[in-house]
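Inspection log for the structure reproduced underneath, given as structure tokens.
The values are calculated or read from the model by the stated rules, or taken from the named source; none is laboratory data. These numbers come from a predicted model, not from an experiment. For neighbour counting, all protein chains shown are included, and Cβ atoms are generated from backbone atoms with ideal geometry for every residue, glycine included. For the accessible areas, the whole protein counts, side chains as well, though only heavy atoms, and no ligand, DNA or RNA atoms are used. Shrake-Rupley method; radii C 1.70, N 1.55, O 1.52, S 1.80 Å.
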Number of protein chains: 2
Amino acid sequence: MGSLGHSSTMVDLSHHINAKSRARHPSPLKDIIKFMGYDGMVSFAGGETRSSRYLGDVDNSPVGSGAGNRQLIALAKELTERVHSPPCEYECLLHPGNTNAWAKVVGLLCEDDDYVIVEEFTYPSAQALWIPLGIKAVPVTADAAGIMAKNLRHLLSRWDERERGSRRPRVLYLVSVGSNPTGITISAQRRREIYDICVEFDIIIVEDDPYYFLQYPGYGSPIETSFTPKPIPEFLNTLVPTFLSMDAQGRVIRLDSFSKTLFPGLRLGYFVANPVFTERLLRATEVETQDPAGLSQAFVLGLLQKWGIDGYLTWLQNLQFQYRTRRDWLLDTFSAHFDLLPAEKSPIPEAQGFVVCVKNSHGGKVKPIFSFVDPGAGMFVWCKFYFDGIDRFMEIEKPGKSKDPEQDFANELWQAWATELVLLTPGSYYHAWQGPDKMSTAARGVDPRTAHFRFSFATPTKEEISTGVVRLAKVIAKYWG
Amino acid sequence: MGSLGHSSTMVDLSHHINAKSRARHPSPLKDIIKFMGYDGMVSFAGGETRSSRYLGDVDNSPVGSGAGNRQLIALAKELTERVHSPPCEYECLLHPGNTNAWAKVVGLLCEDDDYVIVEEFTYPSAQALWIPLGIKAVPVTADAAGIMAKNLRHLLSRWDERERGSRRPRVLYLVSVGSNPTGITISAQRRREIYDICVEFDIIIVEDDPYYFLQYPGYGSPIETSFTPKPIPEFLNTLVPTFLSMDAQGRVIRLDSFSKTLFPGLRLGYFVANPVFTERLLRATEVETQDPAGLSQAFVLGLLQKWGIDGYLTWLQNLQFQYRTRRDWLLDTFSAHFDLLPAEKSPIPEAQGFVVCVKNSHGGKVKPIFSFVDPGAGMFVWCKFYFDGIDRFMEIEKPGKSKDPEQDFANELWQAWATELVLLTPGSYYHAWQGPDKMSTAARGVDPRTAHFRFSFATPTKEEISTGVVRLAKVIAKYWG
């Protein structure tokens with residue numbers, strides 16, 4: 001927990017807790033746990049099983065405490081203090097992975113039929129959770145530095161409850177580093193602007209940040225041929241400051257995970273948040289999931305105890321190097337098969353980042369295929385494809401042919417690639433859910449004659465990337481000529 | 001899955017799925033997974049992380065499938081077929097422990113402000129989950145053979161929607177073997193009666209059954225000095241038939257767990273249910289928790305593959321023997337300090353099971369302290385204490401002294417025991433939640449001048465049990481004389 005000196009800047013945010021969460025009572029069984037620790041106490045009040053005696057107590061915390069192993073929580077706090085130095089009071093609470101953590105945050109803050117502010121393209125499972133509750137997304141557009149502060153302010157200052165049929169949003173959900181799907185990392189300057197707006201309009205920021213430690217230098221910057229770790233303070237200085245690090249008021253709920261940094265399927269992470277929120281999240285934990293799996297806790301605890309926090313931060317640098325290498329493999333392969341132009345020198349100067357064009361060795365007209373922002377973190381390259389002037393698209397676009405020509409052509413492209421044995425993720429999966437009437441490209445009011453696809457470079461080998469891009473290029477040649 | 005021949009007895013139960021669960025869509029990301037298996041496919045659609053390459057793929061299922069490891073599911077089916085032979089179509093779906101499984105079932109079936117039918121004394125965390133949703137319990141009283149069928153029928157046939165302010169209950173929640181807290185196991189005959197009533201009134205039975213394999217012979221039956229396993233079919237014959245084993249219609253949702261049979265904190269179990277329900281539960285799994293932790297899956301899969309189903313069923317017999325031994329330690333110690341009378345030969349012939357009385361070596365008046373049903377399964381002895389004629393209780397009961405003398409005296413007793421360094425679990429923790437106006441002993445309409453306490457014999461050693469009962473007896477002597 002932060003020192004008591006921080007508490008002067010904290011504000012009372014308990015009004016953000018929704019009605020159902022306020023109605024939770026502590027599980028009465030937990031009251032007894034504190035008595036169990038008395039010297040010489042004989043307890044007939046236990047609930048754990050006999051078999052634990054045979055296999056050993058992998059989890060040192062009282063079974064069913066709903067809070068997780070004490071030593072692991074202490075290490076999570078040490079890591080938090082080291083990396084974020086939050087300027088507010090906070091607690092760490094273990095959770096079984098960010099998917100469940102986000103489900104608990106929705107259960108904590110949202111009422112049915114609320115709006116949640118999200119990036120224009122957002123993680124589909126996060127939305128799939130709340131769509132059945134009648135909750136809708138209200139998207140904010142982004143540039144290469146993240147969601148645009150002026151658009152956020154505009155949205156909030158002009159919110160019309162009557163027209164929207166719901167109160168002004170109170171929750172901003174962000175994957176603020178190496179966003180899934182866009183790969184965008186919100187800059188430090190933009191974060192300060194966004195935080196100030198959230199103070200002004202009393203918004204809780206949910207910082208879902210599994211890729212925080214996977215930040216790496218931009219494409220084309222010098223690269224070592226092998227991995228050499230930096231001193232820890234120098235490494236930490238290369239990372240963008242988090243919302244938590246600027247959270248004087250206690251309005252950031254951070255979702256941290258070990259799944260993306262140690263191995264997938266661990267189902268182990270932790271909340272960092274205002275004690276007002278962690279207390280209620282603990283109540284939900286007791287009845288919805290209990291502690292994360294004991295083996296996962298024991299594994300991570302053992303590793304962190306052996307490595308120390310410094311050792312973990314060194315491991316993360318290695319991981320960062322691996323991801324940077326893979327990002328470079330993919331972009332190098334793009335570069336080998338196509339012309340990669342900086343947006344401002346391309347036929348689409350308003351694009352962000354790079355524009356990938358048909359290879360133009362004989363100086364003809366430059367033909368754009370897609371653009372992307374160089375991902376400085378995470379594992380995704382988010383590509384905006386341009387359909388203008390493509391014969392097949394223009395055929396689909398003819399009046400009466402299709403209700404959503406962009407989506408229909410994107411589906412056709414996806415199928416053509418799959419037939420050539422290369423898979424991308426369709427961009428439509430990531431559209432912010434604004435209700436059933438805002439599904440088509442036109443209804444969403446986005447750039448016509450474009451659609452997105454997501455590349456993940458996390459799993460394929462260098463050879464697979466090469467083979468995959470050759471197959472992509474074959475289909476592109478067919479359509480783009 | 002059961003053979004196709006079963007499907008003729010299945011009925012359409014899809015109307016039980018609540019509005020929010022019906023509104024769930026499959027997570028679109030999952031659609032792509034099937035394409036990933038194509039021979040020679042290069043996938044840029046992956047989401048798993050780099051680190052899995054270093055640590056090895058502990059989980060053979062596609063990451064994020066939301067369904068669990070295929071081989072483990074196959075073993076769960078094999079075990080289900082062997083033990084329950086369900087006469088209906090069913091699927092097995094992994095879940096991260098019965099607490100979460102029950103949360104998902106409430107999310108599947110219950111609407112806010114519903115009633116759920118429970119045993120008169122029920123597991124508090126199960127209730128704590130739905131109290132904030134406005135859901136209330138409607139309790140059914142039990143005898144030593146479980147909840148009484150005629151009371152269940154009475155409740156359902158006379159349900160008055162207007163008076164209750166809610167539709168007739170559709171869900172019956174039961175820990176039907178070694179119930180927590182009562183230790184009661186519902187008899188085969190009673191189960192058939194209950195199942196028939198559930199068919200008649202269209203009720204879904206949720207069979208939360210973590211203690212199923214911890215059934216053991218009654219107190220006083222012959223005991224071997226050391227463990228000798230029975231042949232598997234003989235062992236299975238000693239177990240009461242489950243609701244699932246008589247479920248021709250597909251209206252039982254079974255919650256199975258490895259946490260109570262392998263070790264606590266595994267957070268791994270499985271649903272067995274009608275495919276109509278498992279399909280929706282899978283949708284919830286995708287967005288609320290994902291698969292159970294990979295290490296837990298790998299551990300259980302490895303163990304079951306090494307042991308085989310027969311080996312697991314032999315391990316369970318050993319565990320059963322351990323629990324039986326501990327139950328005997330506790331009841332033997334009761335017997336050493338008090339007089340244990342069969343209820344019908346006691347001063348409280350209407351009691352169930354045994355009545356524990358003040359030791360009466362000189363033939364005076366028999367003074368009852370508490371009664372209990374010999375637990376034939378699980379890890380709990382549920383004791384009903386009798387306060388009639390206790391001086392201190394009669395003082396508290398004097399007009400104007402206390403709004404709930406039974407509860408106040410029970411609290412005083414609990415404190416007195418804790419001061420002597422022995423802990424029991426207060427019975428009040430397990431009262432079915434009927435709303436804030438039905439909290440006191442009088443308002444609940446139960447036997448006056450009584451209160452319950454729960455003993456768990458799962459954790460203390462033989463010596464601790466002995467020490468604990470001496471301490472209990474000391475306080476009892478003070479009050480009961």
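Computed quantities for the displayed model
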read-out: Tally, over the stretch A:445-481, of residues that are part of a loop (DSSP other than H, G, I, E, B) and of a type in the set (S, T, N, Q); value: 2
read-out: A:VAL272 being under 15 Å from A:THR80 (Cα atoms) and in contact with a helix residue (DSSP H, G or I) (Cβ under 6 Å, 6 or more places away or on another chain); value: yes
read-out: Residue within the stretch B:137-148 that is assigned to a helix (DSSP H, G or I) and either surrounded by fewer than 21 Cβ atoms within 10 Å (Cβ to Cβ) or of a type outside the set (Val, Ile, Thr) (or both) present; value: no
read-out: Verdict on B:GLN322 being of a type in the set (S, T, N, Q), within 30 Å of B:LYS230 (Cα to Cα), touching a helix residue (DSSP H, G or I) at 6+ places or on another chain (Cβ under 9 Å) and at pLDDT below 95; value: yes
read-out: Answer residue from the stretch A:1-60, given it is hydroxyl-bearing (Ser, Thr, Tyr) and modelled with pLDDT of 75 or more and is least open to solvent (accessible area, probe 1.4 Å) among those; value: A:SER21
read-out: Top-ranked residue of the stretch B:372-388 - restricted to ones that are open to solvent by 10 Å² or more (accessible area, probe 1.4 Å), within 23 Å of the chain's Cα centre (by Cα) and not acidic (Asp, Glu), ranked as nearest to B:ASP209 (Cα to Cα); value: B:GLY376
read-out: Selection status of A:GLU395, closer than 30 Å to A:ILE131 by Cα, open to solvent by 40 Å² or more (accessible area, probe 1.4 Å) and more than 14 Å from chain B (Cβ to nearest Cβ); value: no
read-out: Search result, residues across the stretch B:269-303 that are surrounded by fewer than 24 Cβ atoms within 10 Å (Cβ to Cβ), out of contact with any Leu (no Cβ under 9 Å at 6 or more places or on another chain) and more than 17 Å from B:HIS25 (Cβ to Cβ); value: B:PRO275, B:GLY302
read-out: Odd one out for B:LEU413 among (1) within 13 Å of another protein chain (Cβ to nearest Cβ); (2) under 18 Å from A:MET41 (Cβ atoms); value: (1)
read-out: Residue among A:GLU412, A:GLU420 that is in contact (Cβ under 8 Å) with a residue 40 or more places away in the chain and open to solvent by 20 Å² or more (accessible area, probe 1.4 Å); value: A:GLU420
read-out: Of all residues in the stretch A:427-478 being more than 11 Å from every other protein chain (Cβ to nearest Cβ) and within 15 Å of A:HIS337 (Cβ to Cβ), the one that is most open to solvent (accessible area, probe 1.4 Å); value: A:LYS478
read-out: Filter pass, B:THR238 being in contact (Cβ under 8 Å) with a residue 12 or more places away in the chain, out of contact with any Asp or Glu (no Cβ under 8 Å at 6 or more places or on another chain), exposed (fewer than 13 other Cβ atoms within 10 Å of the Cβ) and among the β-branched types (Val, Ile, Thr); value: yes
read-out: Any chance A:SER85 is more than 14 Å from chain B (Cβ to nearest Cβ), touching a residue at least 60 places away in the same chain (Cβ under 8 Å), within 26 Å of A:PRO241 (Cβ to Cβ) and of a type in the set (Gly, Ala, Ser); value: yes
read-out: Enumeration of residues in the stretch A:104-127 that are within 11 Å of another protein chain (Cβ to nearest Cβ) and either open to solvent by less than 20 Å² (accessible area, probe 1.4 Å) or at positive phi (or both); value: A:LYS104, A:VAL106, A:PRO124, A:SER125, A:ALA126, A:GLN127
read-out: Those residues of the stretch B:264-304 which are more than 14 Å from chain A (Cβ to nearest Cβ), within 19 Å of B:THR99 (Cβ to Cβ) and not in a helix (DSSP H, G or I), in sequence order; value: B:TYR270, B:PHE271, B:VAL272, B:ALA273
read-out: Failed item in (1) in contact (Cβ under 8 Å) with a residue 12 or more places away in the chain; (2) more than 12 Å from chain A (Cβ to nearest Cβ); (3) not aliphatic (A, V, I, L, M), with B:ASP332 passing the rest; value: (1)
